[in-house]
1. Between residues in the range 56-70 that are open to solvent by 30 Å² or more (accessible area, probe 1.4 Å) and residues that are part of a loop (DSSP other than H, G, I, E, B) and aliphatic (A, V, I, L, M), which pairs lie under 7 Å by C-beta distance while being six or more apart or on different chains?
2. Check whether at least one residue in the range 3-14 is in a helix (DSSP H, G or I), touching a helix residue (DSSP H, G or I) at 6+ places or on another chain (Cβ under 9 Å), without any contact (Cβ under 8 Å) to a residue 60 or more places away in the chain and exposed (fewer than 14 other Cβ atoms within 10 Å of the Cβ), and report yes or no.
3. Which residues, taken from the range 19-44, are assigned to a loop (DSSP other than H, G, I, E, B) and under 11 Å from the mean Cα position of the chain (by Cα)?
4. Select from the range 34-50 the residues that are in contact (Cβ under 8 Å) with a residue 12 or more places away in the chain and open to solvent by 30 Å² or more (accessible area, probe 1.4 Å) and list them in ascending order.
Amino acid sequence: MRKEFTQILREFLMENGVTVSEFARRIGVRPSQVSEWLYGKAKPGYDNLQAIAVAFNVSADYFLGITDNY
């Protein structure tokens, strides 16, 4: 079963000990934007998804739910 982005992001933050504020700072968005992603109110666009992958050296496929490994 494919995971939703909210679940993937929540698990990533928890497994890596990254706070919402730190995550937001590293990708250049407001913490409130990350909170919207966590609560399913919004999803990141292409530019933000690319920033996440680069900032954390993780494949975008992981955050898209295509692969379980980052």
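The values are calculated or read from the model by the stated rules, or taken from the named source; none is laboratory data. Since this is a predicted model, take the numbers as computed values, not measurements. Note that we place each Cβ from the backbone using ideal geometry, even for glycine, and neighbour counts take in every protein chain shown. Side chains included, ligands, DNA and RNA excluded: accessible areas come from the protein's heavy atoms. Shrake-Rupley method; radii C 1.70, N 1.55, O 1.52, S 1.80 Å.
1. Here the result reads Y70/V58, each pair linking the range 56-70 to a residue that is part of a loop (DSSP other than H, G, I, E, B) and aliphatic (A, V, I, L, M).
2. no
3. K43, P44
4. Answer for the range 34-50, where residues must be in contact (Cβ under 8 Å) with a residue 12 or more places away in the chain and open to solvent by 30 Å² or more (accessible area, probe 1.4 Å): S35, Y39, G40, K43, N48.
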